[in-house]
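For reference, the structure is listed below as structure tokens.
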Amino acid sequence: MARGLFFIGILALICASLSLCIAANVRPISDAHRSAALELFAAPIDGSFESLEDTYEALKTFKNLGLESPVDARDKACPVVVQKLGSTSSSLKDLFHALRANSVVGCQIDAKTFTDVASRIQAVVKDTNSLEDLCYSVGSLLLIKDQDSSVILPDANNIFHSIKALSQSDGRWRYNSNSAESSTYAAGLALEALAGIVSLADSEVDQSMIGIVKNDIMKLFDSIESYDDGSLFFDEKHVDTSEYKGPITTTSSVVRGVTAFATVAPGRLNIPGDKILGLAKFFLGIGVPGSSKDLFNQIDSLSLLENNRVSIPLILSLPSTVLSLSSKDQLKVEVNTVFGSAAPPLTVNLVQAFSSASKEASALENQELKFDAENGIHYLDILPLKIDVGKYTLVFEISLHDPEHLNTYATGGRMKTSVFFTGIVKIDKAEIAILDSDVGNVETAKKLDLSEDGVIALSANHLQKLRLSFQLTTPLGHGFKPHQVFLKLKHDTKVEHIFLLESSARQFKIVLDFLGLVEKFYYLSGKYDIELTVGDAAMENSFHRALGHVDLDLPEPPEKAPRPPAQPADPLLKFGPKQEISHIFRAPEKRPPKELSIAFLALTILPLLAFIIALIRLGVNLKNFPSSPVPAGFSILFHAGIGAILLLYLFFWLKFDLFTTLKALGLLGIFLVFMGHRTLSHHASTTAKLKSS
């Protein structure tokens, strides 16, 4: 139990330290994303991706991140692109992905091929009722227009109306006229398709319809969801499991649609800048995704937010959220776009700073950060500000210098972030003493230096008490209460006991009454090592000190006293030398005299000798041995098989075990049966012929 409490305390201290990471701000795109892209989009050895869609997503991600594309990607993708575009059986989806792949690999495709593909799409787009097919058709024509500016979409207003007819009152869209469910992901597809129609129209699209779509976009943003850190995202509400895309894919679809429509629509979209900033925080807050699809959606969406006509989000981030007062660290703040580009001229103000210990009273107010133009960092010297150690919530505000930038950039108003200020905590009046149990008089008292391990030696019996006390003070002279303060007593038998220290004002104190602890100590007398642990994430001089030991004289245990628990074995002992094993073999059985054994062997061999002598005296009769080659061969093999079995018996006697002998005997037996059957059949046939003659 004591060991369990010790590990619980250590885990709690680790969790307190991990709160530094939890409070960390989102950061712009970094080299971690580039490394992940190279790993997740790693092409096979032959340089080809699984599909043209994968090829486009990989190469587009590389381009957005400033990475070089694989050398063989173009050579592997172009034959497939040419085949898809030249085939009359290619679906609208195949044509769309082929044209998208071509936009990043740059295949050599003649103008006639583009013209033929555009004609095929224009012929079917009017009769298309599916939202996805309309998106493929319009997207394909837009990609062809990049190669041939003469491509247009006839009857654009009617197609615009057919897509708008699928919209719902809440800003979401249906996939087709037969679908009862609406989708946020489909809304992104619809907005992207409508933007493409405006770009491809041979005449101006009905402006009233564009205004209605703008209102639909505002309704769609009314359903946006949020996290506590200000991140905003879109997610599906009531869709089938097969159609559910997840927050990353759904939000990415909406970002593509909104930014595409904002590019072609006259005027500006009335989307608040804090919502655009919230979308950027969502994509940056997910860190580095673990799948290639999510990474593509993340990077592609952020690249669109980096340069759009609604609002360009500015990300305020701290290079470090742990600042040391003893090292005189500066509070540094960076303001960049989502890809880390420089922000326009601005000022960063620290509006307020709240301590976790006193959330109502502000420790700092209205501090303007200085700007280091060379490094692009806003900084503030914190030492003169009389900041104490602990966790603080800082409230920042960004002010753009140029008023015209207010409509271009989204700063998000006041932004909160958590910071830890660490420092050296002063340890005073540390003392350990042995007290009388009755009146509490001090028998033995010793001062402690908790900056290093101690070697104190104390002794006590079960009628006495042990008292440990000390004070903790912050650099500004305030009382400090760390996350973990506990005392451990460890017996020579490895039995440990953990005690938590309580605080009163600035003092920590514990009094151990050994009379009430004898049963908890399992009546174990002897030497107990004393260890003290004080730890906190904001305390730079956290420590685990050995203070010395105390010799306890406890009474003898009663008959039914609890026994100390068995201590777990050291896992490293299994690698040490093993105890020598002494085998005791069974005594051999009594054997007959040697002369008797030899006599018995002679009697055993005697029949064999008699058989050999009889053969010599009588001679071998070979007159019935077959004279024809084939029967003679079978007879020779038959007798050889008999000899092989006799030889096998000899090897069994000398070295073979029973299982080896039986396997060999089984094979020889099959061979012997076959050869004996042929030999005896020939002998019987010969005998029958002689009798008949």
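The values are calculated or read from the model by the stated rules, or taken from the named source; none is laboratory data. Note that the structure is predicted; figures quoted are calculated from it, not measured. FYI the Cβ positions are ideal-geometry reconstructions off the backbone, even for glycines, and counts take in every protein chain you see. Protein only, heavy atoms only, side chains kept; ligands, DNA and RNA dropped before computing areas. Shrake-Rupley method; radii C 1.70, N 1.55, O 1.52, S 1.80 Å.
For the stretch 488-511, give me the residue count where each residue is part of a strand (DSSP E or B) and open to solvent by 90 Å² or more (accessible area, probe 1.4 Å). Steps first, answer last, please.
Within the stretch 488-511, the first condition is being part of a strand (DSSP E or B), and the residues that meet it are 488-491, 496-500, 502-504, 507-511.
From what is left, the residues that are open to solvent by 90 Å² or more (accessible area, probe 1.4 Å) are 500, 502, 509.
Count: 3.
Across the stretch 156-177, which residue is farthest from SER223 (Cα to Cα) among those that are surrounded by fewer than 14 Cβ atoms within 10 Å (Cβ to Cβ) and free of Cβ contacts under 8 Å to residues at least 40 places away in the same chain?
Looking at residues that are surrounded by fewer than 14 Cβ atoms within 10 Å (Cβ to Cβ) and free of Cβ contacts under 8 Å to residues at least 40 places away in the same chain, I get ASN158.
Name the residue, out of LYS281, LYS245, LYS293, that is among the basic types (Lys, Arg), crowded, with 19+ Cβ neighbours inside 10 Å and under 30 Å from LEU200 (Cβ atoms).
Matching residue, one of LYS281, LYS245, LYS293: LYS245.
So which pairs qualify, if the first residue must be in the stretch 101-128 and assigned to a helix (DSSP H, G or I), the second must be of a type outside the set (A, V, I, L, M) and open to solvent by less than 40 Å² (accessible area, probe 1.4 Å), the Cβ gap must be under 6 Å, and the two must be at least 6 apart or on different chains?
From residues that are assigned to a helix (DSSP H, G or I), the pairs are ALA101/THR55; ALA101/TYR56; VAL104/TYR56; ILE121/SER137; ILE121/SER140; VAL125/SER137.
State yes or no: is LEU134 open to solvent by 10 Å² or more (accessible area, probe 1.4 Å), aliphatic (A, V, I, L, M) and either part of a loop (DSSP other than H, G, I, E, B) or at pLDDT 90 or above (or both)? Show your work before the answer.
Details: open to solvent by 10 Å² or more (accessible area, probe 1.4 Å): no; aliphatic (A, V, I, L, M): yes; either part of a loop (DSSP other than H, G, I, E, B) or at pLDDT 90 or above (or both): yes.
Considered against the rule, which asks whether it is open to solvent by 10 Å² or more (accessible area, probe 1.4 Å), aliphatic (A, V, I, L, M) and either part of a loop (DSSP other than H, G, I, E, B) or at pLDDT 90 or above (or both), LEU134 comes out as no.
Taking the stretch 637-681 on its own, how many of its residues are without any contact (Cβ under 8 Å) to a residue 40 or more places away in the chain and open to solvent by 100 Å² or more (accessible area, probe 1.4 Å)? Give the derivation first.
If we filter the stretch 637-681 for residues that are without any contact (Cβ under 8 Å) to a residue 40 or more places away in the chain, which is where we start, we get 637, 639-674, 676-677, 680-681.
Those left that are additionally open to solvent by 100 Å² or more (accessible area, probe 1.4 Å): 639, 646, 649, 653-655, 659, 663, 667, 670, 673-674, 677, 680.
Of the residues in the stretch 637-681, 14 are without any contact (Cβ under 8 Å) to a residue 40 or more places away in the chain and open to solvent by 100 Å² or more (accessible area, probe 1.4 Å).
Kindly indicate whether VAL348 is of a type in the set (Val, Ile, Thr) and open to solvent by 10 Å² or more (accessible area, probe 1.4 Å). It would help to see each step written out before you state the result.
Values: of a type in the set (Val, Ile, Thr): yes; open to solvent by 10 Å² or more (accessible area, probe 1.4 Å): no.
It is false that VAL348 is of a type in the set (Val, Ile, Thr) and open to solvent by 10 Å² or more (accessible area, probe 1.4 Å).
Quick one: how many residues across the stretch 397-451 are open to solvent by less than 90 Å² (accessible area, probe 1.4 Å) and in a strand (DSSP E or B)?
27
Scanning for something charged (D, E, K, R), out of contact with any strand residue (DSSP E or B) (no Cβ under 8 Å at 6 or more places or on another chain), open to solvent by 30 Å² or more (accessible area, probe 1.4 Å) and in contact (Cβ under 8 Å) with a residue 60 or more places away in the chain, does the stretch 234-241 turn up at least one residue? Break it down stepwise before answering.
Residues of the stretch 234-241 charged (D, E, K, R): 235-237, 240.
Then keep just the ones that are out of contact with any strand residue (DSSP E or B) (no Cβ under 8 Å at 6 or more places or on another chain); that gives 237, 240.
From the residues that got through so far, the ones that are open to solvent by 30 Å² or more (accessible area, probe 1.4 Å) too are 237, 240.
Checking which are in contact (Cβ under 8 Å) with a residue 60 or more places away in the chain leaves us with none.
Checking the stretch 234-241: not a single residue is charged (D, E, K, R), out of contact with any strand residue (DSSP E or B) (no Cβ under 8 Å at 6 or more places or on another chain), open to solvent by 30 Å² or more (accessible area, probe 1.4 Å) and in contact (Cβ under 8 Å) with a residue 60 or more places away in the chain.
Of all residues in the stretch 512-541, which are open to solvent by 50 Å² or more (accessible area, probe 1.4 Å) and within 46 Å of the chain's Cα centre (by Cα)?
Those that are open to solvent by 50 Å² or more (accessible area, probe 1.4 Å) and within 46 Å of the chain's Cα centre (by Cα): LYS520, TYR522, ASP529, GLU540.
This table checks each residue for (1) closer than 18 Å to LYS93 by Cβ; (2) at pLDDT 90 or above; (3) more than 41 Å from the chain's Cα centre (by Cα); (4) of a type in the set (Phe, Trp, Tyr).
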{"residue": "VAL124", "(1), (2), (3), (4)": "yes, no, yes, no"}
{"residue": "LEU142", "(1), (2), (3), (4)": "yes, yes, no, no"}
{"residue": "LEU153", "(1), (2), (3), (4)": "no, no, yes, no"}
{"residue": "ARG172", "(1), (2), (3), (4)": "no, yes, no, no"}
{"residue": "ALA187", "(1), (2), (3), (4)": "no, yes, no, no"}
{"residue": "GLY196", "(1), (2), (3), (4)": "yes, yes, no, no"}
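Within the stretch 343-359, does at least one residue satisfy the condition of being of a type in the set (Ser, Thr, Tyr), at pLDDT below 95, within 17 Å of PHE396 (Cα to Cα) and part of a strand (DSSP E or B)?
Within the stretch 343-359, one or more residues are of a type in the set (Ser, Thr, Tyr), at pLDDT below 95, within 17 Å of PHE396 (Cα to Cα) and part of a strand (DSSP E or B).
Taking the stretch 370-396 only, how many residues are surrounded by 17 or more Cβ atoms within 10 Å (Cβ to Cβ), of a type outside the set (A, V, I, L, M, F, W, C) and assigned to a loop (DSSP other than H, G, I, E, B)?
1
Just one of GLU595, GLU580 is at pLDDT below 85 and among the acidic types (Asp, Glu); which is it?
GLU580
Could you check the stretch 251-268 and list, in sequence order, the residues that are out of contact with any Asp or Glu (no Cβ under 6 Å at 6 or more places or on another chain), under 26 Å from GLY285 (Cα atoms) and open to solvent by less than 10 Å² (accessible area, probe 1.4 Å)?
Scanning the stretch 251-268 gives THR251, SER252, SER253, VAL254, VAL255, VAL258, PHE261, ALA262.
Is at least one residue of the stretch 578-590 over 30 Å from ALA357 (Cα atoms) and either open to solvent by less than 80 Å² (accessible area, probe 1.4 Å) or touching a residue at least 24 places away in the same chain (Cβ under 8 Å) (or both)? Break it down into steps so the answer makes sense when it comes.
Narrowing the stretch 578-590 to residues over 30 Å from ALA357 (Cα atoms): 578-590.
Then drop every residue that is not either open to solvent by less than 80 Å² (accessible area, probe 1.4 Å) or touching a residue at least 24 places away in the same chain (Cβ under 8 Å) (or both), which leaves 587.
Among the residues of the stretch 578-590, at least one is over 30 Å from ALA357 (Cα atoms) and either open to solvent by less than 80 Å² (accessible area, probe 1.4 Å) or touching a residue at least 24 places away in the same chain (Cβ under 8 Å) (or both), which makes the answer yes.
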